[in-house]
Amino acid sequence: MPESELPEDVLSEAERLTRLARDAVDPDEAEAYRSARDDIVGEYEFRARHREDDDVLVLHPDEWVDDDGVVDPTEIDDVDRGIERPLSGTGEDHEWSAVEEHNAACVAAVAEEHGADHAANARAFADFLGNHYVRRIETAGAPEVREFVEEYYPRNAWPTAEQRSLLPESLELLFDAADAEVPEYN
């Protein structure tokens, strides 16, 4: 697989901003996220769009796109330069260990700063996100957080009453450790 023209941190941030835009309730907020995403990929002379039919972030080199924002097939020199990143569903299996290492570091930061109950909640979310989606904490969108809170956590985490009462705060602390904001999931 050829190396992407966009650095991995730029791709991850573009995915995160696209998820935030997708999940935003306020149209102005969604537009702000899309604008920020477009700015960061624009620095590399790429354009981004969210293909809603299959929930995929699509990135094209600028030179492929005409003045109307439509890809001109005659301008495509190498299709491998285009990038598609699924925004929902699972990642690749070979990514799991890197994702787990990253998420475990975030959980460890929560444990060190905030104690065992918050750490147990953080670990439950990291397990859910890593095992079900092969995704880093900061890439979770509102649908994944909602699924965790409403379905996975009550059935699989076996929380104490104290842990259950701390869950929203624990998620805030975990996302802070990942240098991100918890998506609005309620």
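The values are calculated or read from the model by the stated rules, or taken from the named source; none is laboratory data. None of these values were measured; they are calculated from a predicted model. Cβ coordinates were reconstructed from backbone atoms using ideal geometry, including for glycine residues, and neighbour counts include every protein chain displayed. Each accessible area value is taken on the protein alone, full model and side chains, heavy atoms only, with ligands, DNA and RNA left out. Shrake-Rupley method; radii C 1.70, N 1.55, O 1.52, S 1.80 Å.
Observations, loosely collected:
- Compactness of the stretch 8-86, expressed as Rg and Dmax over alpha-carbon positions, Å: 12.5, 38
- Burial order of peptide ranges 172-181, 41-50, 119-128 (average beta-carbon count within 10 Å, highest first): 119-128, 172-181, 41-50
- Percent of C-alpha pairs per 5 Å bin, the stretch 147-186, short to long: 6, 22, 28, 26, 15, 3
- Our estimate of slack between VAL79 and ARG155, defined as 0.36 nm per intervening residue step minus the Cα-Cα distance, is 23.0 nm.
- Here the dipole of the chain is about 1060 debye; that uses its Cα centre as origin and unit charges on the Cβ of Lys and Arg (positive) and Asp and Glu (negative).
- Each part reduced to its alpha carbon centroid, the stretch 1-55 and the stretch 126-164 end up 24 Å apart.
- Accessible area per residue in Å² at 1.4 Å probe, computed on the stretch 1-119: 61 Å²
- Alpha-carbon Rg with Dmax, taken over the chain, Å: 18.1, 61
- Solvent-accessible area assigned to carbon and sulfur over the chain amounts to 46 percent, based on a 1.4 Å probe.
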